[in-house]
Ligand code: NAI
Ligand code: MG
């Protein structure tokens with residue numbers, strides 16, 4: 001079987017880690033010989049935007065739809081305002097391809113540890129389920145009196161019952177599939193009294209269909225404290241687009257580095273290709289130095305392989321990544337002294353040994 005993969009390296013370290021991920025995926029398929037990847041690279045980036053005035057071609061989404069999955073690096077450049085780059089590339093893909101779920105697993109990998117003394121490796125094992133299509137990132141609002149000294153801007157969050165129900169079902173199914181069967185729901189429904197209150201309400205309604213899942217509810221501010229002080233008390237976490245975006249960076253930092261954290265943008269209906277990317281951005285501060293941690297990219301690649309139905313191959317790739325971190329082959333952000341290329345080659349060698 002040949003999987004058609006659209007690859008969008010994007011900007012900064014997105015380019016380095018996508019190249020590394022493609023190398024690892026090709027090594028995986030060449031070693032297992034049960035399937036192959038056919039990559040098509042799309043050169044949609046901030047440099048191209050500056051050159052031609054757009055990120056994606058007008059029929060870009062149609063082109064992406066022809067693939068089995070999308071692999072994404074990162075987008076963002078000091079030369080382009082971040083809201084232009086995000087809305088020029090990643091957000092339209094997530095929205096148009098109905099990728100309404102963003103799954104962000106967090107664990108501490110062997111041979112690494114949390115920067116916090118109190119967080120033991122076995123204590124932190126979470127899956128953050130992020131609503132990926134609406135809420136605070138609906139893109140609705142506007143600015144008036146823009147060029148005066150009394151500008152007014154609105155940023156409207158949109159929450160729909162349908163949107164909340166579908167993310168809740170996904171979150172409950174995820175929680176149910178895990179040994180601890182626990183789901184923590186996060187909002188800020190004390191200060192935000194409409195959309196967030198609807199979240200809470202739908203959560204409790206959907207919960208009735210999952211009696212085997214233990215539930216609890218947190219306000220997002222208190223949640224940051226609980227994540228730091230009592231990581232073991234949680235398992236699966238469901239939160240809105242903005243809250244989960246923030247909490248997942250915190251989760252990644254607690255687990256060692258933002259450089260290891262993966263994400264899957266899923267269309268659970270499978271009518272459109274899903275998209276896999278590390279959670280980090282283009283990291284202009286380390287771009288071009290060859291030192292970016294590729295582990296988040298490899299883990300995202302493993303999640304892609306799993307979504308494509310190749311469970312055994314996904315497990316093998318994760319095992320290879322973990323053997324490499326366990327052996328101390330790590331980039332600087334994890335306290336190691338290896339570069340992107342060295343970690344990539346170590347993972348490829350490990351795959352060939354399995
Ligand atoms: P960032 O995630 O790019 O970087 C934050 C910090 O983490 C930096 O110090 C960076 O060096 C470090 N870091 C990130 N990934 C790393 C890796 N793999 N290995 C080692 N260190 C790593 O976030 P920042 O600086 O807020 O954003 C930079 C640009 O990326 C902006 O233009 C932003 O809009 C964009 N961005 C894009 C995302 C996407 O494409 N999905 C997600 C987040 C940010
Ligand atoms: Mg983020």
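Yes or no, residue by residue, for (1) within 16 Å of ligand 2 (Cβ to nearest atom); (2) free of Cβ contacts under 8 Å to residues at least 24 places away in the same chain; (3) touching a helix residue (DSSP H, G or I) at 6+ places or on another chain (Cβ under 9 Å); (4) closer than 30 Å to residue 47 by Cβ:
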{"position": "276", "(1), (2), (3), (4)": "yes, no, yes, yes"}
{"position": "284", "(1), (2), (3), (4)": "yes, no, yes, yes"}
{"position": "314", "(1), (2), (3), (4)": "no, yes, yes, no"}
{"position": "351", "(1), (2), (3), (4)": "no, no, yes, no"}
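Please enumerate the residues belonging to the range 11-37 that are within 15 Å of ligand 1 (Cβ to nearest atom) and either closer than 18 Å to residue 299 by Cβ or touching a helix residue (DSSP H, G or I) at 6+ places or on another chain (Cβ under 7 Å) (or both).
Those that are within 15 Å of ligand 1 (Cβ to nearest atom) and either closer than 18 Å to residue 299 by Cβ or touching a helix residue (DSSP H, G or I) at 6+ places or on another chain (Cβ under 7 Å) (or both): 11, 13, 14, 16, 17, 18, 19, 20, 21, 24.
Kindly provide the set of residues from the range 190-218 that are under 21 Å from residue 157 (Cα atoms) and in contact (Cβ under 8 Å) with a residue 40 or more places away in the chain, ordered by number.
Correct list: 195, 196, 199, 202.
Output the number of the condition that residue 195 fails; it satisfies all remaining conditions of (1) away from ligand 2 (no atom under 16 Å from the Cβ); (2) in contact with a strand residue (DSSP E or B) (Cβ under 8 Å, 6 or more places away or on another chain); (3) more than 25 Å from residue 96 (Cα to Cα).
Evaluating residue 195 over (1) away from ligand 2 (no atom under 16 Å from the Cβ); (2) in contact with a strand residue (DSSP E or B) (Cβ under 8 Å, 6 or more places away or on another chain); (3) more than 25 Å from residue 96 (Cα to Cα) leaves (3) as the failure.
Can we say residue 191 is within 26 Å of residue 235 (Cα to Cα) and loosely packed, with under 13 Cβ neighbours inside 10 Å?
Answer is yes for this residue.
Look at the range 298-319 and say how many of its residues are in contact with a strand residue (DSSP E or B) (Cβ under 7 Å, 6 or more places away or on another chain) and part of a helix (DSSP H, G or I).
6
Output the number of the condition that residue 256 fails; it satisfies all remaining conditions of (1) within 16 Å of residue 297 (Cα to Cα); (2) surrounded by fewer than 22 Cβ atoms within 10 Å (Cβ to Cβ); (3) more than 16 Å from ligand 2 (Cβ to nearest atom).
In the conditions (1) within 16 Å of residue 297 (Cα to Cα); (2) surrounded by fewer than 22 Cβ atoms within 10 Å (Cβ to Cβ); (3) more than 16 Å from ligand 2 (Cβ to nearest atom), residue 256 misses (2) alone.
Here, each number is a calculation from the coordinates, and none is a lab measurement. None of the values given here were measured: they were computed from a predicted structure. FYI the Cβ positions are ideal-geometry reconstructions off the backbone, even for glycines, and counts take in every protein chain you see.
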